[in-house]
Structures are given as structure tokens and as C-alpha cells.
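Visitor: Before we start, here is the structure in question, set down as C-alpha cells.
The values are calculated or read from the model by the stated rules, or taken from the named source; none is laboratory data. Here the structure is a predicted model, which means the values were calculated and not measured. Because the Cβ atoms are built from the backbone with ideal geometry, glycine has one as well, and the counts that use them run over all protein chains shown.
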């Protein structure tokens, strides 16, 4: 199966009444499964003068990581080191790097200058087609090139060719695969004015998944419910490739009234069960609900259409330590059950960035975090070790 970024868009009806999303509304989090504390020894910047965060590997269509001559190709969001690391999102470009036994090698910006139709490149996924040559990068186009600054987000795909173990070239024109419909999924015209972090409405983070039961290709993505006026209306959406079209589907999971951002959603299938992972943060939970920690969450189902039920009873898979709540973020589950993320604000010792702006730069990692593994046990997902 090749991943054609030039797929035509297929319109959908506007009179849907029941969207069928499974609800995530945890009642308690108890004693959370906690990740080890990040220390100074873990904070090893890869590129001087460059911050790196959200990452994903080049994967085969079945989800397994592509390894060529002992190296894996990785895509990471990147930006110049800035006084306030939060400003990195305004300058984000996708970086191509490779990782092997000798560590990291940098291969520059993944996409040529001027190719992106937006003003920033945000997170997604990357797939090597079964032909062994065609690479499809699914990613978020933020804003519009040459237009006013905005938080508009669109889902795009672009094809390139794998030229050797550490180079992708011959990138084609990026094409939009699906469009937010304004009925199920919030579109840009419904964006709140001048949003602050945690309140931005979403249509981003496309993550490829091929269903082993049907052979169909899908992308799941972070979105916001257009049918809800609640300030916290996070959902996980899905689009399916049908012939030569990408078709926008009903959302899989909704957290209306619970959480505003179910970020970096990704799917894996193990022993006939489907596991849908996402990342979220304490500050994006509604003040009217039980707030969980910054962590990796998941739901499980017996088929991709659901119904979905929370793993571990409440959905929480792995959390930052309670006294270092922001030490890492943006967890990505690989086909080998490894979990990658980046070091966020580490070693804060109970201090918050808002109260201690002098620590914003010195205590932001901007580099990959220690990797851990998962173990699956039916409706439970555990930190291996």
C-alpha cells in the first residue's frame, strides 16, 4: 500500500446525531504508576542551540520501527533555543535525525525550506510503504504561509523517497487529507480568540495505523468536539483511507467536561486488543472534575470502532513523579512497545515555571527523555521493569 498525499477529499453529511464516541471520565487516580525522576545526568542536549521535543520514528506500515544498517530514522520538532521555551511552538520545524549504537546524528530539516503550506510544522507520524522506498510524512500544518499568525491546524501528508539509511529526498507537494467539518470536529473559524496554552482547540497530530484485522489504513488525531460548548472538549478523532480517498470518521473517544487536550494519540494492537494512547497534562483537566497527573493515558477495545474502556480502570499508564509533575511529556509508543518523550521542566523541586520565570531556560530539557517499555496484560498496561 502506498501513501498518496494527493488523495482527493471526500465530503461528508452534516446531519449526524449520534457520534458514538466512548467516554473517558475517570473518578479517581489513587497511587499512580510513576516514572523515575529525571536528573542532570539524563539531560543531554543533542544539538547546541536547538531545542527538540515531540518525536516519532519512521515506521513500517505494520507499526514496527524501520532499522537500516543499525540505525532508526527519527523525526523531532525543533526550534532555536529561546529565552522562553514556550515560544518554540511559533518557530517549530520538523528535524530529521538518526539513532544507533553510537548515538544521534543530525540530518537537518526534514522538509525543504518553503515546502510547508503553513507557518509552522507540528507533530505527526511517518511511514515507509511496503515498497521499501516511499516515505509518507503525516504532519500538522499550523497557520498559513504568508498569512496572519493563527493557531489554525490542518492535517497534511507529503511523500518522499528513502535514499539511504539516513536520507529522505524527492519530497512532493504536501496535500491536505481531511478537513475539520465543524460538526464533529472544531474547525478554525470556531477557534477562541487569543487562546492561552491548554485552551487551544485542536485538529492535529495525525498518527498512522494499519488495522491488522482489515488491512485498512487509518490516522488517529487530537481534536476538539464541535458539538460541545464546554471549555474542556477534547476528543480523539479518526480518518480512514477508502480507495483513493481519506474519509473523516466519527470520534473514538471524548473527554467533554473532563479534559481539553488528548494529545499525540497513537494506536497499537496486541493479542487482538487495540490500545489507544494519548498524553495530557494536569492543567488541561476541567476544574470541575478529578484531575490526573501529567502522563501517558490509554483506552482499550476489541475492535477499532470501540467501544473503548479505560486501561487500568482510570486510563493512566505512566505519570511523572508528583513532586516533579512536568519533567517529561509527549509520550509516543513505538511498535516495539518502547515509550519515547522529551524532557520538559525537570528538577523544579516543587517550584512552578509561572512563579519562577528565571528557571524557564535553565530547567527546560529540550532533548529526548529516558525511554521506558510497556507490558500488556489484557485491559491493563504496565510499565515494564
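Visitor: Go through 241, 270 for me and flag whichever is farther than 22 Å from residue 341 by Cβ and surrounded by fewer than 21 Cβ atoms within 10 Å (Cβ to Cβ).
Guide: Step by step, each of 241, 270 is checked, and only 241 is farther than 22 Å from residue 341 by Cβ and surrounded by fewer than 21 Cβ atoms within 10 Å (Cβ to Cβ).
Visitor: Since residue 107 meets every condition but one in (1) farther than 22 Å from residue 123 by Cα; (2) at pLDDT 95 or above, which condition does it not meet?
Guide: The number of the failed condition is (1).
Visitor: Something else about it: Across region 98-125, what is the total count of residues that are without any contact (Cβ under 8 Å) to a residue 40 or more places away in the chain, assigned to a strand (DSSP E or B) and surrounded by 14 or more Cβ atoms within 10 Å (Cβ to Cβ)?
Guide: 4
Visitor: Among what's in region 63-84 and is within 30 Å of residue 358 (Cβ to Cβ) and more than 19 Å from the chain's Cα centre (by Cα), pick the residue that is surrounded by the fewest Cβ atoms within 10 Å (Cβ to Cβ). Show your work before the answer.
Guide: Step one: of region 63-84, the residues within 30 Å of residue 358 (Cβ to Cβ) are 76-84.
The next check asks that each one be more than 19 Å from the chain's Cα centre (by Cα); those that pass are 80-84.
Details: 80: 11, 81: 15, 82: 16, 83: 8, 84: 11.
Restricting to residues being within 30 Å of residue 358 (Cβ to Cβ) and more than 19 Å from the chain's Cα centre (by Cα), the top hit is 83.
Visitor: Sort out which residues of region 23-81 are without any contact (Cβ under 8 Å) to a residue 40 or more places away in the chain, touching a strand residue (DSSP E or B) at 6+ places or on another chain (Cβ under 6 Å) and over 19 Å from residue 97 (Cβ atoms), and write them in order of number.
Guide: none
Visitor: Which of the residues belonging to region 217-227 are closer than 15 Å to residue 252 by Cβ and in contact with a strand residue (DSSP E or B) (Cβ under 6 Å, 6 or more places away or on another chain)?
Guide: Matches in region 217-227: 218, 219, 220, 221, 222, 223, 225.
Visitor: If you don't mind, there's one more thing I want to ask. Does residue 162 meet the test of being at pLDDT 95 or above, surrounded by 20 or more Cβ atoms within 10 Å (Cβ to Cβ) and over 22 Å from the mean Cα position of the chain (by Cα)?
Guide: Values: at pLDDT 95 or above: yes; surrounded by 20 or more Cβ atoms within 10 Å (Cβ to Cβ): yes; over 22 Å from the mean Cα position of the chain (by Cα): yes.
For residue 162, the condition - at pLDDT 95 or above, surrounded by 20 or more Cβ atoms within 10 Å (Cβ to Cβ) and over 22 Å from the mean Cα position of the chain (by Cα) - is met.
Visitor: What's the number of the only condition in (1) surrounded by 14 or more Cβ atoms within 10 Å (Cβ to Cβ); (2) more than 19 Å from residue 222 (Cα to Cα); (3) touching a helix residue (DSSP H, G or I) at 6+ places or on another chain (Cβ under 7 Å) that residue 380 fails to meet?
Guide: Of (1) surrounded by 14 or more Cβ atoms within 10 Å (Cβ to Cβ); (2) more than 19 Å from residue 222 (Cα to Cα); (3) touching a helix residue (DSSP H, G or I) at 6+ places or on another chain (Cβ under 7 Å), only one is false for residue 380: (1).
Visitor: Does residue 155 meet the test of being over 19 Å from residue 264 (Cα atoms) and touching a strand residue (DSSP E or B) at 6+ places or on another chain (Cβ under 7 Å)?
Guide: When the stated conditions are applied, residue 155 does not pass them.
Visitor: Check off (1) over 27 Å from residue 44 (Cα atoms); (2) in contact with a helix residue (DSSP H, G or I) (Cβ under 8 Å, 6 or more places away or on another chain) for residue 122 and give me the number that stays unchecked.
Guide: Checking residue 122 against (1) over 27 Å from residue 44 (Cα atoms); (2) in contact with a helix residue (DSSP H, G or I) (Cβ under 8 Å, 6 or more places away or on another chain), the one that fails is (1).
Visitor: Determine whether region 54-62 contains at least one residue that is at pLDDT below 95 and either buried (at least 20 other Cβ atoms within 10 Å of the Cβ) or not in a strand (DSSP E or B) (or both).
Guide: Checking region 54-62: not a single residue is at pLDDT below 95 and either buried (at least 20 other Cβ atoms within 10 Å of the Cβ) or not in a strand (DSSP E or B) (or both).
Visitor: Output the residues belonging to region 182-191 that are farther than 16 Å from residue 143 by Cβ and either touching a helix residue (DSSP H, G or I) at 6+ places or on another chain (Cβ under 9 Å) or modelled with pLDDT under 70 (or both).
Guide: Those that are farther than 16 Å from residue 143 by Cβ and either touching a helix residue (DSSP H, G or I) at 6+ places or on another chain (Cβ under 9 Å) or modelled with pLDDT under 70 (or both): 182, 190.
Visitor: Would you be able to say whether some residue in region 45-52 is part of a strand (DSSP E or B), modelled with pLDDT of 95 or more and more than 27 Å from residue 349 (Cβ to Cβ)?
Guide: no
Visitor: May I pose another question? Anything in region 331-376 that is in contact with a helix residue (DSSP H, G or I) (Cβ under 9 Å, 6 or more places away or on another chain) and closer than 20 Å to residue 48 by Cβ? List them, or say none.
Guide: Listed by number, the residues that qualify are 343, 344, 346, 360, 361, 364, 365, 366, 367, 369.
Visitor: Then there is this: Only residues that are closer than 20 Å to residue 258 by Cα and free of Cβ contacts under 8 Å to residues at least 12 places away in the same chain: list them for region 224-248, please.
Guide: The one that is closer than 20 Å to residue 258 by Cα and free of Cβ contacts under 8 Å to residues at least 12 places away in the same chain: 229.
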